[in-house]
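Down below is the structure, laid out as structure tokens.
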Amino acid sequence: MGMTMTQKILAAHAGLESVKAGQLIMANLDMVLGNDITSPVAINEFEKNGFDRVFDKDKISLVMDHFAPNKDIKAAQQCKQCRTFAKCFSITNYYDVGDMGIEHALLPEKGLVGPGECIIGADSHTCTYGALGAFSTGVGSTDMAAGMATGKAWFKVPSAIKFVLKGKLAPKVSGKDVILHIIGKIGVDGALYRSMEFVGEGLKSLSMDDRLCMANMAIEAGAKNGIFEVDDITLAYVKGRVNREFTVYSADSDAEYDEVIEIDLSSIRPTVACPHLPENTKPASELTDIVPDQVVIGSCTNGRLSDMKAAAEIMQGKHIAKGVRCIVIPATQQIYKDCIKLGYIDTFIDAGCVVSTPTCGPCLGGYMGILAEDEIAVATTNRNFVGRMGHITSKIYLASPEVAAATAIAGRICDPTEL
């Protein structure tokens, strides 16, 4: 029996000719990632177990993105611990205030992850890098500690669901709408510990930013990872970024899948996930009675330049509705600079938004946009669990940048195709 893309990558990194679903393997790692919340726990485990060296100072990335610039003393202590560790072991890829960005936007931008690679990160949305044709998945901080020390990790080889994408996205519909549609279709446990593998002619309609968004949210369907077939769009993105040899893996024609699901991209409309699960999806056009207190445009899911462009085009020459707070967060310093050059920042500020330095803050109810009792947010983030962005009685509606921007202007959830 042939292998899926994920199985081929894992076999190669385990030094095996082949692997099958359910098999336990130990694989070599190309990158180990941590942030300012998860890395301190990993560092404590690293030290507790007596490790005195890292496996490769160039294959570890520590990104201070959740509570940096520091929001309080605890956050400052966490970043200091990471800073000290990075200095002690000469970690090449340490990113702090001034050069950091939201980790899952920063690593692809910097070319630190590439096709065919095996990546773990102590953050559940590490599955983002599957957009590049890599196997990447989130792990616990203990696994991160072991990975930093040994360059290896244990995996149970996942089975897979094959998503065959057809057709072309309609205007003002994006990858966020596609992945919300899919999660609404299969549920938050529909891909539990399985690989979500995306193939088909419809890939031509999806930009790299669309793919990064979709792979990012594979975890919201319970998946072990999401992965896209490498094509010309992928290769154009990594050219000049990934300055090392890499291998492109394609699934065998006789690869075994648990399911094959066809998705017609042309049929997808602006989609919103209602509280309190990403699977609770409805068309934006059916939610026009929902009036938000806050709109957030950013995060590791939708803080990239195309997301900023989509929001700015909708807000150009307009002002957000009275009573709505709108927070815009470019995901990296480079994206922030590009937004300035392209005039997007002026557009956002003139529209009444506040623009933040890159941070994960509001997405996890940390800072820069915490919700009060009974408040409603429309956000381009990836989770809308109870209390995710603040008070336990607050409510979160997940949406694309287009829907979020249109909502901020209209003062109610708005289908951007109706503007």
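The values are calculated or read from the model by the stated rules, or taken from the named source; none is laboratory data. Nothing here was measured: the structure is a model prediction, and the numbers come from that model. Don't worry about glycine lacking a Cβ; one is built from the backbone with ideal geometry, like all the others, and counts go over all protein chains shown. Just the protein is used for accessible areas: all its heavy atoms, side chains included, with ligands, DNA and RNA removed. Shrake-Rupley method; radii C 1.70, N 1.55, O 1.52, S 1.80 Å.
Data for the structure
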| item | result |
| --- | --- |
| From the options 374, 346, 338, residue that is charged (D, E, K, R), farther than 30 Å from residue 38 by Cα and without any contact (Cβ under 8 Å) to a residue 40 or more places away in the chain | 346 |
| Whichever residue in the stretch 64-79 is surrounded by fewer than 21 Cβ atoms within 10 Å (Cβ to Cβ) and either of a type outside the set (Lys, Arg) or in contact with a Gly (Cβ under 6 Å, 6 or more places away or on another chain) (or both) and, among such residues, is nearest to residue 332 (Cα to Cα) | 69 |
| Members of the stretch 223-275 found to be open to solvent by less than 70 Å² (accessible area, probe 1.4 Å), within 30 Å of residue 288 (Cβ to Cβ) and either assigned to a loop (DSSP other than H, G, I, E, B) or free of Cβ contacts under 8 Å to residues at least 40 places away in the same chain (or both), listed by number | 268, 270, 274, 275 |
| Residue ID - least open to solvent (accessible area, probe 1.4 Å), chosen from residues in the stretch 164-192 that are more than 22 Å from residue 380 (Cβ to Cβ) and part of a strand (DSSP E or B) | 164 |
| Complete set of residues in the stretch 103-123 that are closer than 17 Å to residue 303 by Cβ and open to solvent by 10 Å² or more (accessible area, probe 1.4 Å) | 109, 110, 123 |
| Matching residues, the stretch 49-63, being farther than 11 Å from residue 89 by Cα and surrounded by 11 or more Cβ atoms within 10 Å (Cβ to Cβ) | 49, 51, 59, 61, 62, 63 |
| Residues being charged (D, E, K, R) and outside any loop (DSSP other than H, G, I, E, B) - total across the stretch 304-324 | 3 |
| Enumerated strands (runs of 3 or more DSSP E) restricted to the stretch 1-106, each holding at least 1 residues that are out of contact with any helix residue (DSSP H, G or I) (no Cβ under 7 Å at 6 or more places or on another chain) and polar (S, T, N, Q) | 93-95 |
| Residue 215 vs. criteria in contact with a helix residue (DSSP H, G or I) (Cβ under 8 Å, 6 or more places away or on another chain), open to solvent by less than 40 Å² (accessible area, probe 1.4 Å) and in contact (Cβ under 8 Å) with a residue 40 or more places away in the chain | yes |
| Total residues in the stretch 111-128, condition part of a helix (DSSP H, G or I) and within 19 Å of residue 148 (Cα to Cα) | 4 |
| Selection within the stretch 80-94 - surrounded by fewer than 24 Cβ atoms within 10 Å (Cβ to Cβ) and either among the aromatic types (Phe, Trp, Tyr) or in contact (Cβ under 8 Å) with a residue 40 or more places away in the chain (or both) | 81, 85, 89, 94 |
| Residue list for the stretch 129-159, filter: part of a helix (DSSP H, G or I), of a type in the set (Ser, Thr, Tyr) and open to solvent by 10 Å² or more (accessible area, probe 1.4 Å) | 141, 142, 150 |
| Subset tally (residues that are among the hydrophobic types (A, V, I, L, M, F, W, C), part of a loop (DSSP other than H, G, I, E, B) and open to solvent by less than 60 Å² (accessible area, probe 1.4 Å)) for the stretch 276-303 | 2 |
| Residue match in the stretch 47-57 (condition: over 30 Å from residue 159 (Cα atoms), touching a residue at least 60 places away in the same chain (Cβ under 8 Å) and of a type in the set (S, T, N, Q)) | yes |
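Let's see how each residue does on (1) surrounded by fewer than 24 Cβ atoms within 10 Å (Cβ to Cβ); (2) of a type in the set (S, T, N, Q); (3) over 21 Å from residue 35 (Cα atoms); (4) at pLDDT 95 or above:
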| site | (1), (2), (3), (4) |
| --- | --- |
| 327 | yes, no, yes, yes |
| 342 | yes, no, yes, yes |
| 364 | yes, no, no, no |
| 392 | yes, no, yes, yes |
| 397 | no, no, yes, yes |
| 402 | no, no, yes, yes |
| 407 | no, yes, yes, yes |
